[in-house]
Amino acid sequence: MKRIDNHLPTKELQALDAAHHMHPFTANGELAEKGVRVITQAKGAFITDSEGVEILDAMAGLWCVNIGYGRKELADVASAQMQQLPYYNTFFQTSHPPVIALSARLAELAPAHINTVFFAGSGSEANDTNIRLVRHYWALKSKSSKKTIISRHNAYHGSSIGSASLGGMQGMHAQGGMPIPDITHIAQPYWYGEGGDMSRDEFGLKCARALEDEIDRLGEDNVAAFIGEPVQGAGAVIVPPATYWPEIQRICKERNILLIADEVICGFGRTGNWFGCETFGIKADIMTIAKGLSSGYMPIGGSMVSDEVAAVIGGDEFNHGYTYSGHPVACAVALENLRILEEESIVDYVREDIGPYLQKKWNALANHPLVGEARIVGMMGAIELTPDKANRAAFASDKGTVGLICREHCFANNVIIRHVGDAMIISPPLTLTRDEVDLLIERATKSLDATLVQLKADGLMKSA
Ligand code: PXG
């Protein structure tokens, strides 16, 4: 095993981390007892921990390292930009070459009617921007009562108080007084878990029409926008039935509300196109971007808006902005990332080559006795664990108990596969090779086998 010597011993790192570092989405007391895993380096699709163990990262960090780890070009661009102009703001009628170049490049890549971007430091900030953007948009059109934004249960749109309110995560709403006013949530198009006896297509229509019902309930004059991820990511890669998005689109158009597509995960190749909107035929008024925009090498996000929205918002001073809106180093790195995605045809590779290869292998996991469904779009996938395949049954144990057991086996087998409840999810770097796909599937299968053995031994193979 390779040893990494340029850092403190693992135990000391863990003790310092436990003493001084509060982790996101973590029971920090429990983690301090257990000892954190320390990652010290990464290359391609592999991360290495402080003990020298190499782990296949089938989550691409947090769904973001689209081009893989260790691309020196991005480091070189960051270094050069830091030396030339490390920071300047984009307030007060100033700009700089990296933000100008990135804005223009994004306009080329986005659908034809979207040509303008407002930058933020993250997806959360971008979605906070969107809340203000859509309300201000309607106010400028003399319809200031149009304020409410409709989202979905189990959506993820960020962790700031505005974006977490847009999200539909109960566990988040329970802490800190959310959702904020004028945000409501409708059903998600989660056929496996909530579709019952309906066909996928019927269920897709039913979920979409919940939007129409909600607009009726609130009154069209009070609704500003609908927000949705083309495919819900953190919600467990919820791939909507084919009927869903066309119906949502129809309703938004007919009922005169804006459509915000949150592309933070789906964007930049993840679904086999530059944007999830293309994969699902969505015409959005606003797209939220982050993550794959820089492949996670620098924090950057943004709101891309249609020409119509840009024209309306441009008619007034928009009293909004972040110190790091259009940060030059982040923009330069994002631009270089986009160059690599394009010049190495990585989006085509996902659509035509490695995506289909991964999909075939991933879908075959549905044959495993523990798997009730496999679903995957481009290179984001999920498998549902079940004690009873025929009935799509949930486990009798608390939701997430089995998922956590499986995740621990994945860790033990040196592959990062996350669990959401009792579903296991992947979102690997888009640059994965076929050998790496094979390794991913081999380790996933081994982990599923080990999970099944443990569930049987622990008496957990029981339906709810
Ligand atoms: N929108 C979507 C669709 C996301 O997935 C955000 C917005 C917020 O982006 P920032 O950059 O503010 O984190 C996200 C983020 C997980 C996980 O465990 C997912 C995200 C973030 C952290 C954890 O799946 N998605």
Any idea how far apart Leu404 and Ala242 come out in nm if each label point goes 7 Å out from Cα toward Cβ? 4.0 nm
For Phe25 and Ile161 in the same chain, what is the full-extension length gain: residue separation times 0.36 nm, less their Cα-Cα distance, in nm? 47.5 nm
Of all accessible surface on the stretch 148-188 at a 1.4 Å probe, what whole percent is carbon and sulfur? 57 percent
Using eta = 1.002 mPa s and T = 20 °C, Stokes-Einstein with Kirkwood Rh from Cα pairs puts D for the stretch 73-343, in µm² s⁻¹, at 114 µm²/s
Karplus 3J(HN,Hα) series, Hz, for the stretch 182-192 with 6.51 cos²θ - 1.76 cosθ + 1.60 (x for Gly, Pro): 6, 9, 10, 10, 10, 4, 8, x, 9, 4, 4
Under a 1.4 Å probe, counting only protein heavy atoms, Ile100 has an accessible area in Å², nearest 10, of 100 Å²
Between His157 and residues 5 or more places away or on another chain, the pairs with built amide H atoms under 5 Å apart involve Gly167, Gly168
HN-Hα J in Hz across the stretch 340-357 - Karplus 6.51, -1.76, 1.60, θ = phi - 60°, x for Gly and Pro: 5, 4, 6, 5, 9, 6, 5, 5, 5, 4, 5, 5, 10, 10, 6, x, x, 5
List the residues whose amide H sits under 5 Å from the amide H of Gly272, counting only those 5 or more places along or on another chain, with H placed 1.01 Å from N in the peptide plane. Met379
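Quote to one decimal, in nm, the extra length available between Tyr357 and Leu13 on full extension: 0.36 nm per residue of separation minus the C-alpha distance between them. Don't skip to the end; give the middle numbers.
Details: separation 344, 0.36 × 344 = 123.84 nm, distance 3.94 nm.
Contour length minus Cα-Cα distance gives 119.9 nm.
For Ile114, Ile416, write out the residues from largest to smallest accessible area, computed with a 1.4 angstrom probe and no ligands counted. Display every interim value, and only then the final one.
Details: Ile114 0, Ile416 30 Å².
Highest to lowest solvent-accessible surface, that is Ile416, Ile114.
Pop out the Kirkwood hydrodynamic radius of the stretch 248-324 from its pairwise C-alpha distances, inverse of mean 1/r, in Å to one decimal. All intermediate terms of the calculation are to be shown ahead of the outcome.
Numbers: mean 1/r = 0.0725 Å⁻¹.
Evaluated over the stretch 248-324, this radius sits at 13.8 Å.
What range in the chain is the longest one free of GluC sites (Glu not before Pro) that are in a loop by DSSP and have at most 14 other Cβ atoms within 10 angstrom?
Values: sites that count: Glu51, Glu317, Glu344.
After excluding every exposed loop site, the longest remaining stretch is 52-316.
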Backbone HN-Hα couplings from phi across the stretch 67-74 [Karplus 6.51/-1.76/1.60, Hz, Gly and Pro as x]: 8, x, 7, x, 7, 4, 3, 5
What does the chain give for Rg and for Dmax, in Å, if only its C-alpha atoms count? 22.2, 67
For the stretch 21-77, what's the radius of gyration and Dmax over Cα atoms, in angstrom? 13.6, 40
Pair Asp449, Tyr88: separation of 7 Å Cα→Cβ label points (nm): 6.0 nm
For the stretch 62-161 the chymotrypsin sites (Phe, Trp or Tyr not before Pro) that pass both the DSSP coil test and the at-most-16 other-Cβ-within-10 Å test are Tyr87, Tyr88, Phe91, Phe92
Mind putting a number on the dipole of the stretch 73-343 about its Cα centre? Charges go on the C-beta only, +1 for Lys and Arg and -1 for Asp and Glu, and I need it in Debye to the nearest 20. 340 debye
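Considering only protein heavy atoms and a 1.4 Å probe, what is the carbon-and-sulfur percentage of the accessible area of the stretch 255-408?
After summing per-atom areas, the C and S share lands at 48 percent.
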Residues of the stretch 340-361 with backbone nitrogen within less than 20 Å of a virtual label 7 Å along the Cα-to-Cβ line of Asp76, please, listed as ranges. 340-346
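Keeping every protein chain present and rolling a 1.4 Å probe, give me the accessible area per residue for the chain in Å². Present the calculation step by step, with values, prior to reporting the outcome.
Numbers: 19850 Å² over 464 residues.
I get 43 Å² per residue for this part.
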Placing one equal point scatterer on each C-alpha of the stretch 313-464 and summing with Debye, one gets log10 I(q)/I(0) at q = 0.09, 0.10, 0.13 Å⁻¹ equal to -0.41, -0.49, -0.69
Pulled fully out, how much extra length does the chain show between Leu62 and Arg37, if you take 0.36 nm times their separation in residues and subtract their Cα-Cα distance? 7.4 nm
Non-local amide H neighbours of Asp262 (under 5 Å, H modeled in plane, Pro and chain starts lacking H): which ones? Gly228, Glu229, Thr288
If each DSSP helix of 4+ residues adds -39,500 (n - 2.57) and the sum is divided by the residues in the chain, what number results at 222 nm, nearest 500 deg cm²/dmol? -12500 deg cm²/dmol
If you consider only alpha-carbon coordinates, what radius of gyration and Dmax does the stretch 80-220 have, in Å? 19.2, 61
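The values are calculated or read from the model by the stated rules, or taken from the named source; none is laboratory data. The model shown is predicted, which means the values in this text are computed figures rather than measured ones. As a convention, Cβ positions derive from the backbone with ideal geometry for all residues, glycine included, and neighbour counts pool all protein chains shown. These area figures cover heavy atoms from the full protein model, side chains too; ligands, DNA and RNA do not enter into them. Shrake-Rupley method; radii C 1.70, N 1.55, O 1.52, S 1.80 Å.
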